[in-house]
């Protein structure tokens, strides 16, 4: 059976490319890896998280009309080391959690913030046992 090999990128279309690129870089700490104009005329910026290979493609394509993000349409989920610490980082930039954080007894938790265009960002603090298991697989 034939199957796809791996996820390369996910596209989010926007009304304001520069505002969103700043948010993803300054607030989430993503790195912009490339930028170009597509043959159709879209302006594209590709960003990546330090521990991921998959890219996020931010797309500005005004000729297809304005973007109106519906509530709970889609979201990106990112791992963070510590939700409380990340919350302090957000506050320094004038950003607040839109939901959470919701912590579990095992040390894991989730919280949400809203990106400039209304796309939801999920922040996940992994449970301590899962982190140990992942590190054990790598080192033992």
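Below is a table of values for the structure above.
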| item | result |
| --- | --- |
| Yes/no for residue 86 being more than 16 Å from the chain's Cα centre (by Cα) and either surrounded by 16 or more Cβ atoms within 10 Å (Cβ to Cβ) or at pLDDT 95 or above (or both) | no |
| Residues (out of contact with any strand residue (DSSP E or B) (no Cβ under 9 Å at 6 or more places or on another chain), loosely packed, with under 12 Cβ neighbours inside 10 Å and either on the phi < 0 side of the Ramachandran plot or not in a loop (DSSP other than H, G, I, E, B) (or both)) located in segment 89-101 | 91, 92, 93 |
| Options 32, 18, 57, 43; residue that is farther than 26 Å from residue 125 by Cβ and in contact with a helix residue (DSSP H, G or I) (Cβ under 9 Å, 6 or more places away or on another chain) | 43 |
| Failed item, numbered, when residue 2 is tested on (1) modelled with pLDDT of 95 or more; (2) in a loop (DSSP other than H, G, I, E, B) | (1) |
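For (1) in a loop (DSSP other than H, G, I, E, B); (2) exposed (fewer than 11 other Cβ atoms within 10 Å of the Cβ), each residue gets a yes or a no:
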| site | (1), (2) |
| --- | --- |
| 29 | yes, no |
| 32 | no, no |
| 41 | yes, no |
| 51 | yes, yes |
| 59 | no, no |
| 67 | yes, no |
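The values are calculated or read from the model by the stated rules, or taken from the named source; none is laboratory data. Predicted, not measured: the structure shown is a model, and the values here were computed from it. Cβ atoms come from the backbone with ideal geometry, glycine included; neighbour counts cover every protein chain shown.
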